[in-house]
Amino acid sequence: MSIRSLNVPIDQIPALVFPALLDTLIMVGIVMLIVVLVGIPLGALVHNLAPGGLFENPPLHTTLSWIVSIGRSLPFLILMASIVPFTRFITGTNIGIAAAVVPMAIAGIAFFTRIVENSLRGVPPTLVRVAKASGASPLQIIRTAQLSEALPSIIGGLTINTIAMIEYSAIAGTIGAGGIGYVAVTYGYQRFDNTVMLATIVILVATVASVQLIGDRLVRLTTPHARTQARAPRVRRRETSLV
Amino acid sequence: MISLEQLTKVYGHGDAQTVVLDRLDFSVDAGEIFAVVGPSGAGKSTLAQCVNLLERPTSGSVLVNGENLSQLSEKALRVARRRIGTIFQSDGLYSRRTAAANVALPLEYLGVTAAETRARTAELLDRVGLSNKAGHYPHQLSGGQRQRVGIARALALRPSVLLSDEATSGLDPDSTRSIVALLKELRDDLGLSILFITHEMDTVLQVADSVARLDHGRIVESGRIVELLRDPASGLGRALRPARSHESAAADATEWFVSYTSAAVPTDWLSRLADQLGTTVSLLGASIETVDGATVGHASIGVTGADREHLIAVAHSLGLDARPEPAGESAPAEILEQVA
């Protein structure tokens, strides 16, 4: 029996790949929900604990920043392996989607916290003063003067983060989390099934491209400047170039 | 009305401490525009932040209509801030909000109902002449229009005091003029006390009733604009209307520098001066204008063979100060001695 005969027939590839893609999307979807819910408040907190922030507190800022940095500095494979006891404590298992979500969420939160922090740093500091002078409470300031103004930048970061999570889901796949990564590793890599490998690559590229496209659209939609520029008639643009 | 009493702000501790504001004392009456000028680093922005209560003074107080606002708790402070409207430099608008939504901010923070907010926002935008720009985003507005939105926002909670923190800096002269006109109109209509902090002397001359010069955290000179302009010894008066270069006098004539010191200067003072001295007086350079309805100015003239003391006396009777060198190059008393 040749190795070839072990390959998945082409007509069965969709049945193998699409459920795996769905698993990946569920995994990444759950992770991103947790990442956004935790990462946005955490990023805003880290930003505002820093010198010049709303709740300036250097010791607490340094501590929190260190914790986030540790989460950022471990390669995902090592993070995943090292927190297996914790994962088992939370989910009761260390295989499957549920088990993959825990390390992915931890890595994702650390990543996204930095993204939010960095986006908030890009908001002109005058706006916080404007909000204060207009009688805003700290929460109102964070919501309207910081997060809302940084929204396009945060969405841009969220896109990068989501794509990184798709990548992490493939790594999680290698320890039995399922999903497209699992298919790529077990069929494409371990069984040398090039067709399956190619199919997973095409699907991953298409998924990542779609995420990027949606992200870019959302950024454009939330940036008044970009939105109105896209709407501006061509004639006017030619006029300005002549001047 | 807003007044500062012995307002002091110190940063740092011990040897490293810097006094940024040093016992400032002044008040701005209702219906008055009071300008504070000074070079960068003089403490202007710290002053602004102490006045709109974003910074706590180290000592001294900020009083609005007699009530001391600088010793309040953090929460009470947030409420107190609503009594002072602040106009920031033109980058103070939220880029993702329309003009109307920017004006509505203070109302939104206060928790005003949507219907009421809409009505008040429309009224405010109309007040600053931008009712047709309500749905525009800041990047679609000119610098002057953005600043009008900032003014409307500052007025949203009907404050009695308006603080303008470099509001016209970075605007072109036309926009500055229109913003200045708007501020004066609002001052008259609403009886606002306006504290106008700026580094631009030109704008001060256009907008303010009184002015104080801040230098190294201290008020080094202050007074009513017209009085300062009429006082040849006033450094601030000279800074407000810097002397321009002028032609030099003919070989047989001497150069004299005259400035308006009273409201009674006749418009034909030049020919009267020549008549009374019985000699020729040539005009070498001049800058005369009305500020707040009062004529002020200075001129350099060339006079042939006149007695110094006589010239000074005649000029004085015409409401002019005359001296053989530009004011400010030495103290007035010394000049009089030299002349005598």
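How much of the DSSP bridge set in the protein assembly as shown is antiparallel, in percent, rounded to the nearest 5?
Bridges in the protein assembly as shown are about 70 percent antiparallel.
Can you tell me the orientation of helix B:143-155 relative to chain B, as the angle in degrees between its alpha-carbon axis and the longest Cα principal axis, to the nearest 10?
60
In whole angstrom, and with the biggest value first, how far do the Cα coordinates of region B:138-294 range along each principal axis?
The Cα atoms of region B:138-294 stretch 64, 34, 32 Å along their principal axes.
To the nearest 10 degrees, how steep is helix A:148-172 against the longest Cα principal axis of chain A, on a 0 to 90 scale?
20
Rounded to two decimals, what ratio of Rg to Rh does region A:74-172 give with C-alpha atoms and a Kirkwood Rh?
1.15
Could you tell me how far the Cα centroid of region A:187-223 sits from the Cα centroid of region A:54-126, in Å?
24
Distances over 21 Å make up what percent of all Cα-Cα pairs in region A:1-66?
That tail contains 57 percent of the Cα-Cα pairs.
How many percent of the alpha carbon pairs in region B:25-119 exceed a separation of 24 Å?
That tail contains 35 percent of the Cα-Cα pairs.
Kirkwood Rh and Cα-based Rg: tell me the resulting Rg over Rh for the protein assembly as shown, rounded to two decimals.
1.18
What value in Å³ per residue do you get for the convex hull of the alpha-carbon atoms in chain B?
Taking only Cα atoms, chain B has a hull volume of 165 Å³ per residue.
Calculated from DSSP H runs of 4 or more alone, at -39500 (n - 2.57) each and per residue, what is the 222 nm mean residue ellipticity of the protein assembly as shown, nearest 500?
Mean residue ellipticity, 222 nm, calculated: -16000 deg cm²/dmol.
So how compact is region B:243-339: Cα radius of gyration and Dmax in angstrom?
Looking at region B:243-339, its Cα Rg and Dmax stand at 12.7, 39 Å.
Return the distance in nm (one decimal) between the two label points of a simple spin-label model at B:MET1 and A:GLN12, each offset 7 Å from Cα along Cα→Cβ.
9.4
Note the full-extension length gain between B:GLU227 and B:ASP174 as 0.36 nm times their separation in residues minus their Cα-Cα distance, in nm to one decimal.
Computed gain between B:GLU227 and B:ASP174 is 16.4 nm.
Please compute the average number of Cβ atoms from other chains found within 10 Å of each residue's Cβ in peptide A:135-142.
Per residue, the average neighbour count from other chains is 4.
Only Lys, Arg, Asp and Glu count, each charged at its Cβ (+1, +1, -1, -1), so figure out the dipole size of chain B about its Cα centre, rounded to 20 debye.
Once rounded to the nearest 20, the dipole reads 1940 debye.
Taking the Cα centroid of region B:264-331 and of region A:130-169, what is the distance between the two, rounded to the nearest whole Å?
65
Rolling a 1.4 angstrom probe over the protein chains, ignoring ligands and nucleic acids, what is the accessible area of B:ILE312 in square angstrom, nearest 10?
30
May I ask you to order A:186-194, B:2-10, B:142-150 by the average number of other C-beta atoms within 10 Å around their residues, highest value first?
The densest-packed peptide leads the list: B:142-150, B:2-10, A:186-194.
Leaving out ligands, DNA and RNA, what percent of the accessible area of chain A is carbon and sulfur, probe 1.4 Å?
Ligands and nucleic acids excluded, carbon and sulfur reach 69 percent.
Pop out the carbon and sulfur fraction of the accessible area of region B:2-223 as a percent, whole number, probe 1.4 Å.
Here carbon and sulfur together make up 47 percent of the probe-accessible area.
Enter the accessible area per residue of chain A (Å², integer; probe 1.4 Å; all protein chains in place).
Heavy-atom SASA per residue in chain A reads 54 Å².
Between B:ALA181 and A:LEU198, what's the calculated FRET efficiency when r is the beta-carbon distance and R0 is 60 Å? Round to 0.05.
Efficiency, from the Cβ-Cβ distance: 0.25.
For region A:14-242, just the Cα set please: Rg and Dmax, both in angstrom.
According to the Cα coordinates of region A:14-242, Rg and Dmax are 21.0, 68 Å.
Against the longest alpha carbon principal axis of chain B, how many degrees, from 0 to 90 and to the nearest 10, is the axis of helix B:308-317 turned?
It is inclined by approximately 50 degrees.
Report Rg/Rh for region A:1-145, rounded to two decimals, where Rg is the Cα radius of gyration and Rh the Kirkwood radius.
1.17
Report, for region B:2-223, the % of DSSP beta bridges that are antiparallel, rounded to 5.
Here the share of antiparallel DSSP bridges comes out near 50 percent.
The values are calculated or read from the model by the stated rules, or taken from the named source; none is laboratory data. Since we're looking at a predicted model, the values are computed, not measured. No Cβ is skipped: glycine too gets one built from the backbone with ideal geometry, and neighbour counts run over all protein chains shown. Each accessible area value is taken on the protein alone, full model and side chains, heavy atoms only, with ligands, DNA and RNA left out. Shrake-Rupley method; radii C 1.70, N 1.55, O 1.52, S 1.80 Å.
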